[in-house]
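Structure first, then comments.
Since every read-out is calculated from the coordinates, none of them should be taken as a lab result. As the structure is a prediction and not an experimental result, all values here were calculated from the model. A quick note on method: Cβ atoms are made from the backbone with ideal geometry, for glycine too, and the neighbour counts reach across all protein chains shown.
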Amino acid sequence: MTAALDVREVRYRYGDALALDGATLSIGERQRVALLGRNGSGKTTLLGLASGLLAVQDGVVSVCGSDIRHDPAGSRAHIGVVFQHLAVDSALTVTETLRLQAALTSIERPAQPDRIRQAISDAGLSERAEDRVGTLSGGLSRRLDLVRALLNRPAQALKEEPTTGLATLAREAFWSLLDRRRADGAQVIATHLMDEAERCDRVVILHEGRIVADGTPAELTDSLGGDAVWLDTPAPGPLADRTGGRVIGGRVMLTVPDASRVVTELYDSEDVTSVTARSVQMSDVFAAAVGEEPRADG
């Protein structure tokens, strides 16, 4: 079966800065994959290469079997892209936006009206079809941008931080739309949000240009053990040595099968000021993989 996206030993530099360092991954048809990482981890560069916006310097990037370096037109025919910043013209109406997109893609002319009507309905914009994009809320504009990118039903949809700046209800509406379009093709979503990563079939964690973890959310959390215990202490190094934990951001993280068996003892330790115990979450996986706790701003 041909992969929707195949990346092999890819390296990419911005001058002297190495943005990707030997990245290798293969994404199957209709698989939803989160590229999870801090700002500067390589997510945007990887999406830029996969979409053809950046030229491959070293390694191989293929989309649906087409080498993007040697067959850029063939590769791009299979791709839809949602950028971090909106790619819709505020002066156009909703319908005009989608008509323009249809004209720029391979959708046959007789099929365009039905495809556009369906996209408008999917985005919940049927009553706003003739309104200008500039009058839409941020959430509605983002949904329009998504159906624009998916109008040609691409085999691979790439999304860079697609819910940035959206309120909770708008984010949920966006994800609901993504769920309804799962059958179209693979979805590759660059994000720094743990809850978005957990909604994917697979999570690929990047750090300093390298893939440091790759698996389903369950596989990644199970790999750490049953519970995560975070310890605040004035002496993280000695405490980590004594407990077998690791120092992350000035705190000590332990992963244990059952936190209830160790919490009481840790509370009684003179060098522990507070203890937080919970089942392992994606944020704990991220912290263990990159050596830093996740931040809300990426």
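Here are the numbers for the structure shown:
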read-out: In sequence order, calculated HN-Hα J values of segment 157-173 (Karplus, 6.51, -1.76, 1.60; Hz; x Gly/Pro); value: 10, 10, 9, 9, 6, x, 9, 4, x, 8, 6, 4, 5, 5, 4, 5, 5
read-out: Around Ser121: net Lys/Arg minus Asp/Glu count, Cβ-Cβ under 12 Å; value: +2
read-out: Projected-area mean, the chain, by convex hull of Cα positions, square nanometres; value: 17.8 nm²
read-out: Span from the segment 274-290 Cα centroid across to the segment 99-114 one, whole angstrom; value: 47 Å
read-out: Net +/- balance of residues flanking Val56 in space, Cβ distance below 10 Å, scoring K and R +1, D and E -1; value: 0
read-out: The chain: angle of helix 94-104 to the longest principal axis, Cα-based, in degrees nearest 10; value: 80 degrees
read-out: Using distinct alpha-carbon pairs, which all enter the 1/r mean, Kirkwood radius of segment 1-97 in Å; value: 14.6 Å
read-out: Simple spin-label estimate for Asp179 and Arg132 in nanometres, 7 Å along Cα-Cβ; value: 3.5 nm
read-out: The chain: relative contact order as a whole-number percent, Cα under 8 Å and 6+ apart; value: 20 percent
read-out: Share of alpha-carbon pairs per 10 Å distance bin for segment 225-279, given as whole %; value: 28, 62, 10
read-out: Extension gain (nm, one decimal) between Glu172 and Asp58, 0.36 nm per residue minus Cα-Cα; value: 37.2 nm
read-out: Contour excess over end-to-end distance, with Cα ends at Ala77 and Thr2 and 0.36 nm allotted per residue; value: 25.5 nm
read-out: Cα point-scatterer Debye curve for segment 80-119, base-10 log of I(q)/I(0) at q = 0.22 Å⁻¹; value: -0.76
read-out: Between 0 and 90°, nearest 10: helix 138-149 axis offset from the chain longest Cα axis; value: 70 degrees
read-out: More than 22 Å apart - percent of Cα-Cα pairs taken over segment 61-209; value: 40 percent
read-out: Separation of the Thr276 and Ser121 label points, Cα + 7 Å toward Cβ, nm; value: 4.6 nm
read-out: Residue among Ala167, Ala228, Ala50 with the largest mean-square fluctuation in a Gaussian network model of the chain, springs linking Cα atoms under 10 Å; value: Ala167
